[in-house]
Structures are given as structure tokens and as C-alpha cells.
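The values are calculated or read from the model by the stated rules, or taken from the named source; none is laboratory data. Keep in mind it's a predicted model, so treat the numbers as computed, not measured. Using ideal geometry, Cβ is built from the backbone for each residue, glycine included, and neighbour counts are taken over all protein chains shown. What goes into the accessible areas is simple: the full protein's heavy atoms, side chains included, and nothing from ligands, DNA or RNA. Shrake-Rupley method; radii C 1.70, N 1.55, O 1.52, S 1.80 Å.
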Amino acid sequence: MSSETGILDGTRTTGVAGSPPRAGEDRAAPLDLLADFPAIPSDWAYLDTAATAQKPQPVIDAITRGYDTAYATVHRGVYARSADMTIAYEAARARVARFIGARTADEIVFTRGATEGINLVAQTWGQTNLKAGDRILLSTLEHHSNIVPWQLLRDRTGIAIDVCPLTPDGRIDLDAAEAMLTPAHKLVAFAHVSNVLGSVLDAKRAARIAHAVGAKLLLDGCQAVPRLGVDVAALDCDFYVFSGHKLYGPTGIGILWARAELLEAMPPWHGGGAMIDRVTFAATTYAPPPARFEAGTPHIVGALGLHAAIDYVDGIGLAAIHAYEAALVRLTREALGGMNSVRLFGPEDSAGIVSFAVEGVHPHDVGTILDEERVAIRAGHHCAQPLMDHLGVPATARASFGVYNGENDVAALVRGIERVRRIFG
Ligand SMILES: Cc1ncc(COP(=O)(O)O)c(C=O)c1O
């Protein structure tokens with residue numbers, strides 16, 4: 001499919017969210033939200049949302065308000081402003097809990113992001129519960145954030161790491177996982193959605209097979225939370241992490257959710273203010289979760305921004321976002337799949353992410369030429385070098401969608417790639 005077919009030449013519009021496309025429908029009914037994103041000029045196709053999402057005005061407003069009229073510290077102040085800020089900060093925590101189906105706000109730990117959340121689990125739960133001879137199961141497609149913290153733990157404890165292979169179309173192979181899992185496995189840690197392939201994990205099945213051998217399931221939800229409705233209770237996982245900045249919120253704030261009983265039993269990791277009960281030089285006792293895991297002055301305004309981001313995304317509806325991005329993915333895959341020098345990676349039904357390679361052209365050159373065409377994609381290993389090794393490439397080009405994208409962005413991408421092919425013959 002090319003732009004001449006007329007399918008890709010939608011124009012950018014602005015306004016209130018429109019109706020989502022019906023399942024199976026090829027055209028992407030516009031969400032019409034570009035006007036909410038002041039950092040995206042109308043002639044720029046921003047296709048790097050998997051790296052970080054642009055921010056809608058309500059998030060920018062919440063951050064600005066947080067610093068200009070509402071700013072104060074939390075938890076410690078005896079004055080009204082600080083008490084108000086504490087209420088707002090804790091309201092953000094409660095909002096996150098509702099958003100992902102946590103039982104209580106106390107199951108929500110604010111972190112700096114998904115990376116910190118996984119390190120926290122590795123260094124507290126992992127360090128306490130895992131010993132030499134225990135095994136954990138990761139997959140070939142994991143982000144380095146879900147590999148390296150476990151290697152650090154392995155070096156300290158002597159645990160073994162097994163790697164679940166992928167299906168030919170780039171999903172975590174749960175049949176293989178089931179066959180690999182043994183009672184020695186104490187943890188399965190998988191990406192809910194791959195940041196390179198967009199493949200969506202059957203998380204409920206992953207939970208079933210992990211629990212069948214007594215292992216816990218950690219889901220890296222970085223790419224899932226902006227694209228799928230996530231309900232940790234329905235998924236039946238044990239740990240869930242994500243980053244605020246990929247969910248249209250600020251950088252520097254993220255979430256670790258864990259079952260209350262797991263958090264209760266986990267020792268602290270960072271020591272300092274806010275995480276204590278009583279400190280003496282002889283001994284210190286610690287606050288209950290989540291405060292136990294939040295040493296120091298937190299990212300107060302980040303929490304307010306995340307609250308606004310969740311309100312924004314929920315206002316559109318995750319089902320509508322998912323359907324819309326799926327339609328854009330279909331258009332992109334059809335258009336690129338029709339070009340004989342383009343290789344597509346990942347499954348047909350990838351969530352919002354299309355990785356590809358143009359034969360004979362380094363992805364960085366693809367990215368540079370696309371940038372000249374005002375199309376921003378990501379080119380590189382996407383912090384997934386083991387996956388690149390598996391795919392047999394040093395890097396891929398990756399287009400990833402957000403609520404602000406339209407068919408015209410797909411058309412711009414296709415035009416840009418046609419230029420890449422002309423330049424490189
Ligand atoms: C699947 C996945 N996991 C983890 C991360 C790490 O997120 P952060 O750098 O925000 O901690 C990313 C970011 O690209 C990701 O896509």
C-alpha cells in the first residue's frame with residue numbers, strides 16, 4: 001500500500017477524541033488529540049513514543065501548578081500548604097492504584113521509573129528470597145532493565161538465569177516457558193509488551209505457568225500501560241513495574257506495584273529520611289510499605305504530573321487507544337511490507353510498535369534521512385542487545401505510535417523510506 005492509494009493521506013485534525021475504529025477495520029479513525037500536545041508541531045511526525053511519550057497540556061499544567069502555586073514538601077510539614085501537597089501526592093498514589101487494579105494505595109511504590117522498580121525487586125525481594133541453586137526465567141526479548149538487575153543479583157547470590165525463546169513471529173514462547181519451568185524457578189520476569197517487537201504477552205497464562213511451579217511473576221509493563229488496559233488482579237501477577245514518562249507523564253517517576261504481603265515481607269533498600277519508624281545509633285526500625293521503599297524527598301510534582309497523565313489517558317480510554325494504535329500499526333505494516341527491500345520484525349498484531357530494517361542501509365542512516373523528512377523514529381538496539389543477536393541484526397529502525405499520531409504520520413514515514421531506498425539505490 002502506498003500513499004497514492006489514498007488510504008494513507010489522512011490530514012491532521014484537532015479537537016476532542018473521536019470514536020475508535022472497530023476491530024478489524026483498516027482505517028484509523030483519528031483520535032484528534034494533536035492539539036493537546038504543544039511540543040509537536042503539525043509538520044513533525046513523532047514516532048518515538050516507545051522511547052518516551054510527548055506530554056499533553058493537562059500534564060504540563062499539573063506540573064506547572066505543582067511548582068508555581070502549590071509547591072511544598074510532603075509528609076513532614078505542619079503548615080497547611082504542605083498538608084495540601086501531601087494530600088495531592090497521596091491522591092496520585094491512590095489514582096495509580098485505581099488505574100491498575102491494585103487492592104490498596106499501599107501497594108503502590110513510587111520509583112524513578114521501571115528500571116528502578118526492577119532493581120528494587122531484585123535487591124530486596126530477590127536478595128532475601130533467592131539463594132544459590134535457585135533459578136529465574138527471563139526471555140530473549142527483554143529490555144536491559146529486565147536483564148542486568150538479575151545478573152547483578154546472580155553475581156551476588158549464585159542463582160541461575162534461564163532464557164525463554166521466542167516464537168517465529170516474535171512472542172515469548174509460553175509453551176517453551178512451561179516446559180522449562182521447574183520447582184527450582186522462583187521468579188519469571190517478562191515484558192508485558194516488547195519495546196522492539198510490540199508483541200503482547202499472554203500474561204494470564206504466564207502467571208498460571210509460573211505459579212504452577214511456585215514461582216512469582218514480574219511483568220515489565222513499560223510498553224503495556226500506555227497501550228492496554230492493565231488490571232494486576234485480573235492478570236494475577238505478583239510484581240508490575242512501569243515508567244510515568246511513557247504514559248504521557250513526567251520523567252523521573254515510575255511505579256512498582258507488588259502484592260501487599262510481598263511488600264510487607266521485603267526489607268528496605270535505600271536508607272534515609274521518610275522510610276524509617278525510629279532511628280537510634282543502636283538500631284533503626286522501618287516504616288511499613290510503601291514508605292519503607294521511598295527514602296528521601298520524593299518526586300512530588302512528578303506524582304502530580306503522573307496523576308494528570310492517568311486522568312488524560314483514562315479520559316480517552318485504553319480500549320480506544322489500543323484499537324487506534326493497532327489500526328496505525330496495520331497501515332504501517334501493510335505499507336512497509338509491500339516494499340521488497342524492507343524487513344518487518346514482530347507479529348502482525350504488535351501493540352503500537354513496528355520495527356523494521358531497510359536492506360543494505362544501517363538503521364542510523366534510515367533515522368537520519370527520516371529526520372530530514374521531519375519524521376522522528378528510533379534507530380539502534382533499543383536496550384535489547386540479546387534480541388538484536390537473536391534477530392541477527394546490530395540494530396533496527398523502530399516506529400512507535402501514540403495518541404497524537406495519525407495516518408498522515410504513517411504516510412510521512414512511508415515517503416521517507418521511499419526516499420531512503422532512492423538514495424541507497
Ligand atoms: C520494555 C521496557 N522496559 C524497561 C524500560 C526502562 O524504562 P525506564 O528507562 O523509563 O526506566 C523501557 C524503556 O525503554 C522499556 O521499553
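The table for this structure:
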item: Pairs where the first residue, in region 295-322, is farther than 22 Å from S400 by Cβ and the second is basic (K, R) and at pLDDT 95 or above, C-beta under 6 Å, 6+ apart; result: H307/R95
item: Enumeration of residues in region 217-227 that are of a type in the set (A, V, I, L, M, F, W, C) and within 13 Å of the ligand (Cβ to nearest atom); result: L218, L219, C222, A224, V225
item: Any chance A326 is outside any strand (DSSP E or B), closer than 30 Å to I60 by Cα, open to solvent by 10 Å² or more (accessible area, probe 1.4 Å) and in contact (Cβ under 8 Å) with a residue 12 or more places away in the chain; result: yes
item: Residue within region 398-415 that is closer than 15 Å to H143 by Cα and buried (at least 20 other Cβ atoms within 10 Å of the Cβ) present; result: yes
item: Some residue of region 10-33 being crowded, with 19+ Cβ neighbours inside 10 Å, modelled with pLDDT of 90 or more and assigned to a helix (DSSP H, G or I); result: no
item: Single residue of V121, V109, V163 found to be open to solvent by 30 Å² or more (accessible area, probe 1.4 Å) and modelled with pLDDT of 95 or more; result: V163
item: Candidate set from region 130-145 (those that are part of a strand (DSSP E or B) and within 16 Å of the ligand (Cβ to nearest atom)); member that is surrounded by the most Cβ atoms within 10 Å (Cβ to Cβ); result: S139
item: Residue within region 78-101 that is over 25 Å from K246 (Cβ atoms) and not in a helix (DSSP H, G or I) present; result: yes
item: Residue that is nearest to the ligand (Cβ to nearest atom) [pool: residues in region 146-160 that are crowded, with 16+ Cβ neighbours inside 10 Å and either more than 21 Å from the chain's Cα centre (by Cα) or outside any loop (DSSP other than H, G, I, E, B) (or both)]; result: N146
item: Verdict on A114 being touching a Cys at 6+ places or on another chain (Cβ under 6 Å), within 15 Å of the ligand (Cβ to nearest atom) and modelled with pLDDT of 95 or more; result: yes
item: Count of residues meeting criterion [more than 10 Å from the ligand (Cβ to nearest atom) and touching a residue at least 40 places away in the same chain (Cβ under 8 Å)] in region 248-263; result: 11
item: Every residue from region 102-116 that is aliphatic (A, V, I, L, M) and not in a strand (DSSP E or B); result: A102, A105, A114
item: Conditions (1) touching a residue at least 40 places away in the same chain (Cβ under 8 Å); (2) touching a helix residue (DSSP H, G or I) at 6+ places or on another chain (Cβ under 7 Å); (3) open to solvent by 40 Å² or more (accessible area, probe 1.4 Å): number failed by Y286; result: (1)
item: Filter pass, R259 being in contact with a strand residue (DSSP E or B) (Cβ under 6 Å, 6 or more places away or on another chain) and open to solvent by 40 Å² or more (accessible area, probe 1.4 Å); result: no
item: Strands (runs of 3 or more DSSP E) enclosed by region 238-316 - at least 1 residues per element that are at pLDDT 95 or above and in contact with a Phe, Trp or Tyr (Cβ under 7 Å, 6 or more places away or on another chain); result: 239-243, 254-258, 276-279
item: Pick from region 208-232, criterion in contact with a strand residue (DSSP E or B) (Cβ under 6 Å, 6 or more places away or on another chain), of a type outside the set (V, I, T) and closer than 24 Å to A50 by Cβ, ranking: surrounded by the fewest Cβ atoms within 10 Å (Cβ to Cβ); result: L217
item: Number of the condition not met by F356 [criteria: (1) in contact with a helix residue (DSSP H, G or I) (Cβ under 6 Å, 6 or more places away or on another chain); (2) surrounded by fewer than 23 Cβ atoms within 10 Å (Cβ to Cβ); (3) not hydroxyl-bearing (S, T, Y)]; result: (2)
item: Matching residues in region 71-89 - criterion: being open to solvent by 90 Å² or more (accessible area, probe 1.4 Å) and at pLDDT below 95; result: H75, R76, V78
item: Top-ranked residue in region 34-57 [being part of a loop (DSSP other than H, G, I, E, B), surrounded by 23 or more Cβ atoms within 10 Å (Cβ to Cβ) and not small (G, A, S); ranked as farthest from the ligand (Cβ to nearest atom)]; result: P56
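Results for (1) farther than 18 Å from E116 by Cβ; (2) open to solvent by less than 40 Å² (accessible area, probe 1.4 Å); (3) within 16 Å of the ligand (Cβ to nearest atom), shown as yes or no for each residue.
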| position | (1), (2), (3) |
| --- | --- |
| A265 | yes, no, no |
| I276 | yes, no, no |
| I300 | no, yes, no |
| I321 | yes, yes, no |
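Matching residues to (1) closer than 30 Å to F37 by Cα; (2) in contact with a Leu (Cβ under 8 Å, 6 or more places away or on another chain):
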| position | (1), (2) |
| --- | --- |
| A206 | no, yes |
| A210 | no, yes |
| K216 | no, yes |
| D231 | yes, no |
| D238 | no, yes |
| G249 | yes, yes |
